[in-house]
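What follows is a set of notes on a single structure, which appears directly below.
The values are calculated or read from the model by the stated rules, or taken from the named source; none is laboratory data. If you're wondering where the values come from, they're calculated on a predicted model, not measured in any experiment. Backbone-built Cβ (ideal geometry, glycine too); neighbour counts: all protein chains shown. Keep in mind that these areas ignore ligands, DNA and RNA; they rest on the heavy atoms of the full protein, side chains included. Shrake-Rupley method; radii C 1.70, N 1.55, O 1.52, S 1.80 Å.
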Amino acid sequence: MGNDGLYFEDLELNQVFESQPIEITPVEVDIFNIMTYHADRVDNSRNIHMNPEFARALGFRDRVVPGLFILTLINKAFILLGLYKKATVLLGLNNVLFRRPVYPNDKIRVRFTVADKRRVEKWKDKGIITYHVEMINQENEVVCTADVSYQYLTRER
């Protein structure tokens, strides 16, 4: 990929991009939980994202990373791979499936496969790229899948 990024025309159906493993640290999970579950103000004793003992009692090996946190890794990987450079806006996130639990200290790779590519008549200098995203843990298990669409700049302006 060029240093300036890929334009709409540069992306091809079934083209694949995969990030290096991204480690989910316990501190990141704690910060996310404070922001979303009011961890500092609410009784979270029955919350699988905050209480490891409660999570284990339900059959998990540890507390579970919240699904919304996992989805933020799509954006992180998108940036780390340089795919954002010609993308102008996130248009949508669809068909999200959480397939396996994710735990603090897991390492997640994010694989983007170009699933759809289309022009939009009202946008003369932009198109839509939809990626099928797979998030894969250190055991090579798919933990989450989703389809994510971005508006991309075209070379034609």
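Close Cβ contacts (under 6 Å, 6 or more residues apart or on different chains) running from residues in the range 76-105 that are closer than 23 Å to residue 63 by Cα and open to solvent by 80 Å² or more (accessible area, probe 1.4 Å) to residues that are of a type in the set (Asp, Glu) and not in a strand (DSSP E or B) comprise 100/141. Selection of the range 104-135 for residues being of a type in the set (S, T, N, Q) and part of a strand (DSSP E or B) yields 113, 130.
The set of residues from the range 114-131 being closer than 15 Å to residue 90 by Cα, within 18 Å of the chain's Cα centre (by Cα) and not β-branched (Val, Ile, Thr) comprises 116, 131.
Inside the range 101-118, residues that are touching a strand residue (DSSP E or B) at 6+ places or on another chain (Cβ under 6 Å), of a type in the set (D, E, K, R) and more than 16 Å from residue 75 (Cα to Cα) make up a count of 3. Looking only at the range 53-75, residues that are acidic (Asp, Glu) and surrounded by 14 or more Cβ atoms within 10 Å (Cβ to Cβ) come to 1 in all.
Being within 18 Å of residue 110 (Cα to Cα) and of a type in the set (Lys, Arg) is true for just one of 76, 86. Which residue is that? When all the criteria are applied, what remains is 76.
I'm checking my understanding of the structure. Among residues of the range 11-48 that are part of a loop (DSSP other than H, G, I, E, B), modelled with pLDDT of 95 or more and under 22 Å from residue 59 (Cα atoms), which one is most open to solvent (accessible area, probe 1.4 Å)?
Narrowing the range 11-48 to residues part of a loop (DSSP other than H, G, I, E, B): 11-15, 19-21, 24-25, 38-48.
Among the residues that remain, those that are also modelled with pLDDT of 95 or more are: 11-15, 19-21, 24-25.
So of that shortlist, the ones also under 22 Å from residue 59 (Cα atoms) come out as 24-25.
On the way: 24: 0, 25: 48 Å².
Among residues in the range 11-48 that are part of a loop (DSSP other than H, G, I, E, B), modelled with pLDDT of 95 or more and under 22 Å from residue 59 (Cα atoms), the one most open to solvent (accessible area, probe 1.4 Å) is 25.
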